[in-house]
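Below: the structure, in structure tokens.
The values are calculated or read from the model by the stated rules, or taken from the named source; none is laboratory data. As the structure is a prediction and not an experimental result, all values here were calculated from the model. Please note: Cβ atoms are built from the backbone with ideal geometry, for glycine as well, and neighbour counts cover all protein chains shown. These area figures cover heavy atoms from the full protein model, side chains too; ligands, DNA and RNA do not enter into them. Shrake-Rupley method; radii C 1.70, N 1.55, O 1.52, S 1.80 Å.
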Amino acid sequence: MTDEPESFDELSAAQNKAAQQGSAAVSAAAKHAQQAMDSAKGFVAGANFDEVGARAAETASNLYRGSREFLAGNEDLSMAADNLSAAVRKNPLAAIGVAFSAGLLLALLTRG
């Protein structure tokens, strides 16, 4: 009978130690989270989102315009695009199957 209280005391001491370690870990995580939030607030306060959005829109527009000009200037690519369009119109279900298969294969390869 005297062994039980000692084992109970040992169990209670182990639980207290685990609780203290858990509490310390939670406190450290909270401190890191607070530092991250403060850092994010500083970044957001210094950012001009209207300017960033305008630059992104301008860049996307330039890329789109450049790609259209490239396709228009390259006869082989233009003809290939026309042939691909005609093939998709002729066999739409086959085109969907090929696109699905290619997407699935790409997903499996990039997944690791």
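Just name the residue that is farthest from residue 67 (Cα to Cα) out of those in region 79-96 that are assigned to a helix (DSSP H, G or I) and over 34 Å from the mean Cα position of the chain (by Cα).
Within region 79-96, the subset assigned to a helix (DSSP H, G or I) is 79-90, 92-96.
Restricting the remaining residues to those that are over 34 Å from the mean Cα position of the chain (by Cα) gives 79, 82-83, 86-87, 89-90.
Values: 79: 15, 82: 16, 83: 19, 86: 21, 87: 22, 89: 23, 90: 26 Å.
Among them, the one singled out is 90.
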Can you tell me which residues in region 57-76 are closer than 23 Å to residue 99 by Cα and either open to solvent by less than 70 Å² (accessible area, probe 1.4 Å) or touching a strand residue (DSSP E or B) at 6+ places or on another chain (Cβ under 7 Å) (or both)?
-> 67
Conditions (1) open to solvent by less than 70 Å² (accessible area, probe 1.4 Å); (2) modelled with pLDDT of 80 or more: number failed by residue 83 | (1)
